[in-house]
Amino acid sequence: MKIIQLCVGMVATNCYIVYDEESREAAVVDPGDNASSILAALREEKLTLKYVLLTHAHFDHILAAHEVLAATGAKYVVPEGDLWLLKQENMGEFRSFARRYQEDTPDILAREGTEVTFGGLTAHYMNTPGHTPGSSVIRIGDVLFTGDTLFRHECGRCDLEGGDFGQMLRSLARLHDLEGDYQVLPGHEALSTLEEERRHNPYMLQAMGK
């Protein structure tokens with residue numbers, strides 16, 4: 001498995017291209033903006049995009065989805081609990097930032113346990129609400145794409161519509177209790193590991209009553 005990280009859009013969203021080296025089949029996680037950069041990276045690596053995977057559907061994670069889907073024919077996987085957020089009128093205070101946005105109908109509504117396979121890789125969805133009702137962590141191999149649920153030494157904000165801090169703490173506790181260590185690739189800012197977060201993330205520690 002290879003991963004390309006791109007920093008896209010006005011709020012520096014981490015977009016990831018994950019691909020199987022042998023088959024060159026790929027998935028894009030959270031195409032937040034700058035579709036031309038995402039498509040250029042796919043062309044440069046000679047990749048066939050099979051899926052666009054969302055961790056959640058806030059505007060800064062979806063602005064390039066339409067263009068990437070149209071150019072590649074990939075399937076669109078959206079957490080079921082965030083389907084309402086795909087509508088521009090539900091973007092609330094962020095609606096003015098999304099004038100270029102074009103809504104697409106998901107091919108797959110992801111729930112707890114949803115899996116999609118590309119090449120020799122399988123993406124597993126874990127529903128981890130708190131930031132949004134549908135917020136999910138996507139596990140591929142030893143990597144957790146944590147969206148805006150888990151950041152390095154932080155967690156996602158819970159004060160937007162659909163956010164819930166109590167649910168966030170339960171989601172963080174669930175991640176804490178996963179067996180073994182994982183790379184943590186969040187929706188913004190620096191990368192981490194699950195063991196680092198178990199030791200030093202104050203919100204994860206709070207979730208565990210420490």
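The values are calculated or read from the model by the stated rules, or taken from the named source; none is laboratory data. Keep in mind the model is a prediction, meaning the values are calculated, not measured. No Cβ is skipped: glycine too gets one built from the backbone with ideal geometry, and neighbour counts run over all protein chains shown. The protein model used for the area step is the full one, side chains on, heavy atoms only, and it has no ligands, DNA or RNA in it. Shrake-Rupley method; radii C 1.70, N 1.55, O 1.52, S 1.80 Å.
Here are the numbers for this structure:
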read-out: Residue selected from segment 24-39 under the condition charged (D, E, K, R) and under 18 Å from F59 (Cβ atoms), by the criterion least open to solvent (accessible area, probe 1.4 Å); value: D30
read-out: Qualifying positions in segment 1-23 - free of Cβ contacts under 8 Å to residues at least 60 places away in the same chain, open to solvent by less than 30 Å² (accessible area, probe 1.4 Å) and under 17 Å from Y51 (Cβ atoms); value: C15, I17
read-out: Given (1) under 25 Å from E161 (Cα atoms); (2) assigned to a loop (DSSP other than H, G, I, E, B); (3) open to solvent by 40 Å² or more (accessible area, probe 1.4 Å); (4) at pLDDT 95 or above, index of the condition R100 fails; value: (4)
read-out: Conditions (1) outside any loop (DSSP other than H, G, I, E, B); (2) touching a helix residue (DSSP H, G or I) at 6+ places or on another chain (Cβ under 8 Å); number of the one not met by G166; value: (2)
read-out: Exclusive hit being part of a strand (DSSP E or B), among the aromatic types (F, W, Y) and open to solvent by 10 Å² or more (accessible area, probe 1.4 Å), set Y76, Y51; value: Y51
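A quick yes/no check of all residues on (1) open to solvent by less than 50 Å² (accessible area, probe 1.4 Å); (2) more than 21 Å from T13 (Cα to Cα); (3) outside any helix (DSSP H, G or I):
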site: A173; (1), (2), (3): yes, yes, no
site: D181; (1), (2), (3): no, yes, yes
site: V184; (1), (2), (3): yes, no, yes
site: E197; (1), (2), (3): yes, no, no
site: M204; (1), (2), (3): yes, yes, no
site: G209; (1), (2), (3): no, yes, yes
